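A quick write-up on the structure given underneath.
The values are calculated or read from the model by the stated rules, or taken from the named source; none is laboratory data. Just so it is clear, the model here is predicted, and its values are computed rather than measured. As a convention, Cβ positions derive from the backbone with ideal geometry for all residues, glycine included, and neighbour counts pool all protein chains shown.
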Amino acid sequence: MKTDIHPKYHEVEISCACGASLKSRSTQPTIRLDICAACHPFFTGTQKIVDTEGRVERFKKKYIKK
């Protein structure tokens, strides 16, 4: 086997723009995220369906059993 061909494996702190952080290991020295599970609308439950043309209501009326 060849020696010294593998990258260095560091313990890093991954930080998000919202301020959340966690520790992991990576070959990169630092990791910065724009959005994470702590602030993503899908995971926090704050995601809203924007319906300007009534498509959701039409779908519900057409396919939901009465």
Only residues that are surrounded by 11 or more Cβ atoms within 10 Å (Cβ to Cβ) and not in a strand (DSSP E or B): list them for segment 1-27, please.
Ala17, Cys18, Ala20
Can you tell me how many residues in segment 30-66 are touching a strand residue (DSSP E or B) at 6+ places or on another chain (Cβ under 7 Å) and modelled with pLDDT under 80?
0
